[in-house]
Amino acid sequence: MTPIITSPVELRQRGFEALVASLGWVNAVRFLQQYETSRHDYTNERDQILPNWDAATLVRLAREHSKSPQ
C-alpha cells in the first residue's frame with residue numbers, strides 16, 4: 001500500500017511525475033492546462049451564452065449541419 005502523502009509540494013511533484021510517465025511531457029502539460037483555475041463562473045457564463053435547446057432540437061440541428069456543404 002502506498003503511504004499517504006501529507007506535503008502538498010510532494011503530492012504535486014509525484015502527481016506530475018505520474019502524468020509524465022503515463023502521457024509524456026507535452027500531453028501532461030496539456031492535461032493540466034485544462035484544469036487551470038479561474039475567477040470566472042463557467043456554469044453561469046455557459047447558461048448566458050448557450051441557447052436553451054432540448055435534446056431533440058440539438059440532434060435536429062446537428063443533422064442539418066452535417067448535411068450542409070462544407
Answer yes if at least one residue in segment 35-44 is of a type in the set (Lys, Arg), at pLDDT below 95 and part of a helix (DSSP H, G or I), and no otherwise.
no
HIS65 passes all but one of (1) exposed (fewer than 10 other Cβ atoms within 10 Å of the Cβ); (2) within 21 Å of the chain's Cα centre (by Cα); which number fails?
(2)
For segment 25-61, the count of residues that are aliphatic (A, V, I, L, M) and surrounded by 10 or more Cβ atoms within 10 Å (Cβ to Cβ) equals 6
Is it fair to say THR57 is hydroxyl-bearing (Ser, Thr, Tyr), on the phi < 0 side of the Ramachandran plot and modelled with pLDDT of 90 or more?
yes
Among (1) outside any helix (DSSP H, G or I); (2) in contact with a Phe, Trp or Tyr (Cβ under 9 Å, 6 or more places away or on another chain), which single condition is ALA28 missing?
(1)
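The values are calculated or read from the model by the stated rules, or taken from the named source; none is laboratory data. Please read these numbers as outputs of a predicted model, since none were measured by experiment. In this analysis, Cβ positions are derived from the backbone assuming ideal geometry, glycine residues included, and neighbour counts consider all displayed protein chains.
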